[in-house]
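Working notes for the structure below.
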Amino acid sequence: MNNQKVTSMYILITILSVFFTWFIHEFTHWLTSEMLGYEAIMRLNGVGPKKGVIPTEDHQAIISISAPIITILQGVFFYFILKSKGWNKYLYPFLFTAFYMRFMAGIMNFLNPNDEARFGEYLGIGTHTLSLIISIFLFTLVYLISKKYKLNWKFQLFTIIIIIIISWMIIIGDQYFRIQII
C-alpha cells in the first residue's frame, strides 16, 4: 500500500511545490528576456519589460513559450521519477502543480491571453490550441501516476485544494501588492 496520508509535512511540501513551480516559471520568462537583451522586471505572477523596452514579435514569442516549456519539463521529470523510482507522495505535488498551472493558464486565456495563447497566435494556430494540447499531455501524466499507484479521491482532493489556495494567494498577492522579485 502506498502512503497517501495528508500530513503537515505533505501540506508543507505541496505549498513549496506551488511556490517552486511559480518561481521557476516566472524566472524562466525573466531569464529569457535578459538573455535576449531586454531588461525585465519579475514579480510573483508575471514578468514584464522595463519602461521603454519593447521586445520584437519574435522575441516576445520566445519569451512567452520559454516558461511553459520549463513547466512541462518539470512535469515530465517528476512523472519519470515517480514511475521509475516508486511512489513518493512528496514528489507528486510537483507533477500535479505543473498540470494545474498550465491548465489554469489555459482557462485564463478566455479572459486574458497569456503564454501558450500568445505563442499560439504567433504560430497562427489560435489562442487555445497549445493550452489544450499541453493540458491534455500533463493531465495524462497525472492520470497515469494516479492509476499506477491507485491514488484515492481524498488524497487527490486535498492536493488540489492546497494547490488552488496557494496559487490564488500568489495571484491575488501579485495583483494587490505587485511585489518585485527581480
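The values are calculated or read from the model by the stated rules, or taken from the named source; none is laboratory data. Just so you know, these numbers come straight off a predicted model, no measurement behind them. When we count neighbours, we look across all protein chains shown, and the Cβ atoms used for this are built from the backbone with ideal geometry, even at glycine.
Considering only the stretch 3-60, how many residues are assigned to a loop (DSSP other than H, G, I, E, B) and surrounded by fewer than 15 Cβ atoms within 10 Å (Cβ to Cβ)?
Going through the stretch 3-60 one residue at a time, the tally reaches 11.
Just one of the listed residues (53, 18) is over 17 Å from residue 164 (Cα atoms) and among the aliphatic types (A, V, I, L, M), namely 53.
Evaluate the stretch 89-101: report whether one residue or more is modelled with pLDDT of 95 or more, farther than 28 Å from residue 16 by Cα and not aromatic (Phe, Trp, Tyr). No, that holds for no residue. Put simply, of 85, 154 the only residue that is in contact (Cβ under 8 Å) with a residue 40 or more places away in the chain, over 24 Å from residue 47 (Cβ atoms) and of a type outside the set (S, T, N, Q) is 154.
Can you say whether residue 128 is at pLDDT 95 or above, more than 18 Å from the chain's Cα centre (by Cα) and farther than 14 Å from residue 25 by Cβ, as far as the supplied structure shows?
When the stated conditions are applied, residue 128 does not pass them.
Taking residue 175, is it assigned to a helix (DSSP H, G or I) and modelled with pLDDT under 95? Criteria met by residue 175.
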